[in-house]
1. Here's a check for you: in the stretch B:10-36, which residue that is part of a loop (DSSP other than H, G, I, E, B) and within 14 Å of chain A (Cβ to nearest Cβ) is farthest from the chain's Cα centre (by Cα)?
2. Quick one: would you say B:Ser7 is closer than 23 Å to A:Leu45 by Cα, without any contact (Cβ under 8 Å) to a residue 60 or more places away in the chain, open to solvent by less than 70 Å² (accessible area, probe 1.4 Å) and hydroxyl-bearing (Ser, Thr, Tyr)?
3. Taking A:Met15, is it more than 15 Å from A:Val88 (Cα to Cα), of a type in the set (A, V, I, L, M), open to solvent by 50 Å² or more (accessible area, probe 1.4 Å) and in contact (Cβ under 8 Å) with a residue 40 or more places away in the chain?
4. Since A:Tyr64 meets every condition but one in (1) in contact (Cβ under 8 Å) with a residue 40 or more places away in the chain; (2) surrounded by fewer than 22 Cβ atoms within 10 Å (Cβ to Cβ); (3) within 12 Å of the chain's Cα centre (by Cα); (4) closer than 28 Å to B:Lys37 by Cβ, which condition does it not meet?
5. Which residue out of A:Asp26, A:Asp53, A:Asp59 is farther than 19 Å from A:Gly105 by Cβ, of a type outside the set (A, V, I, L, M, F, W, C) and in contact with a Lys or Arg (Cβ under 8 Å, 6 or more places away or on another chain)?
6. So if I check each of B:Asp67, B:Asp84, B:Asp39, which one is farther than 22 Å from A:Phe90 by Cβ and either over 11 Å from the mean Cα position of the chain (by Cα) or of a type in the set (Lys, Arg) (or both)?
7. State yes or no: is B:Leu66 away from every other protein chain (no Cβ under 11 Å) and more than 18 Å from A:Gly99 (Cα to Cα)?
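The values are calculated or read from the model by the stated rules, or taken from the named source; none is laboratory data. Note that this is a predicted model, so its numbers are computed, not measured. Note that we place each Cβ from the backbone using ideal geometry, even for glycine, and neighbour counts take in every protein chain shown. To get the accessible areas, we keep the full protein, side chains included, count just its heavy atoms, and leave off ligands, DNA and RNA. Shrake-Rupley method; radii C 1.70, N 1.55, O 1.52, S 1.80 Å.
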Amino acid sequence: DMKVTQMPRYLIKRMGENVLLECGQDMSHETMYWYRQDPGLGLQLIYISYDVDSNSEGDIPKGYRVSRKKREHFSLILDSAKTNQTSVYFCASSLRGTGNTLYFGEGSRLIVV
Amino acid sequence: KTQVEQSPQSLVVRQGENCVLQCNYSVTPDNHLRWFKQDTGKGLVSLTVLVDQKDKTSNGRYSATLDKDAKHSTLHITATLLDDTATYICVVADRGSALGRLHFGAGTQLIVIP
């Protein structure tokens, strides 16, 4: 059905709590991404995963970690959330190579208070 | 340093009017450029991709151009509809391979009014 699904869509956490954002795709895409989108800025890459257990840091990995144990599932974990991690997080997937289009989820809006 | 600049930042047009969105970039190398549409509260959806040194694409009421010498792209929307209200994001890839990186603009917010 060519879909990227993110859960939860909305989340409020207290500073210091752990956060788990989950992403699934049904296209058997090898590559998956986590981005964050902040007002006035372009999407920033947090982590990229080239396949199961093959993850690389993006441009802003500090404070985040990821897990990919199945090709169709990619998780973003915030250990001890900070207020500056308040953002909208987008998961995306694609066939290998930037020449292929990315398919995006609808985003997970995280507020850290 | 921002490598992809979009203008205008926001734009209001009346339904039925045409509009042009601009994208200037400094990404090197520049393998291809893609335009995405992002409805409010939604994810990005690809509209078109431009690859050649001087390229043009057309997808219904959307048409786009790319000039790699000038590092400049435009997105034209003809006869705008209310559903065209969205943020349009320009993305430049520095390579087409798995080693390539994507550089995102901050977007142009288009509002179409009746």
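1. Once the filter is applied, the top-ranked residue is B:Pro29.
2. Details: closer than 23 Å to A:Leu45 by Cα: yes; without any contact (Cβ under 8 Å) to a residue 60 or more places away in the chain: no; open to solvent by less than 70 Å² (accessible area, probe 1.4 Å): yes; hydroxyl-bearing (Ser, Thr, Tyr): yes.
No: the conditions fail for B:Ser7.
3. On the way: more than 15 Å from A:Val88 (Cα to Cα): yes; of a type in the set (A, V, I, L, M): yes; open to solvent by 50 Å² or more (accessible area, probe 1.4 Å): yes; in contact (Cβ under 8 Å) with a residue 40 or more places away in the chain: yes.
Yes; evaluated as a whole, the condition is true for this residue.
4. For A:Tyr64, the exception is condition (1).
5. Step by step, each of A:Asp26, A:Asp53, A:Asp59 is checked, and only A:Asp53 is farther than 19 Å from A:Gly105 by Cβ, of a type outside the set (A, V, I, L, M, F, W, C) and in contact with a Lys or Arg (Cβ under 8 Å, 6 or more places away or on another chain).
6. One residue alone meets the criteria, B:Asp67.
7. Values: away from every other protein chain (no Cβ under 11 Å): yes; more than 18 Å from A:Gly99 (Cα to Cα): no.
No: the conditions fail for B:Leu66.
Yes/no per residue for (1) open to solvent by 70 Å² or more (accessible area, probe 1.4 Å); (2) in contact with a Phe, Trp or Tyr (Cβ under 9 Å, 6 or more places away or on another chain); (3) under 26 Å from B:Leu99 (Cα atoms):
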residue: B:Lys42; (1), (2), (3): yes, yes, no
residue: B:Asp52; (1), (2), (3): yes, no, yes
residue: B:Asp55; (1), (2), (3): no, no, yes
residue: B:Tyr62; (1), (2), (3): no, yes, no
residue: B:Ile77; (1), (2), (3): no, yes, no
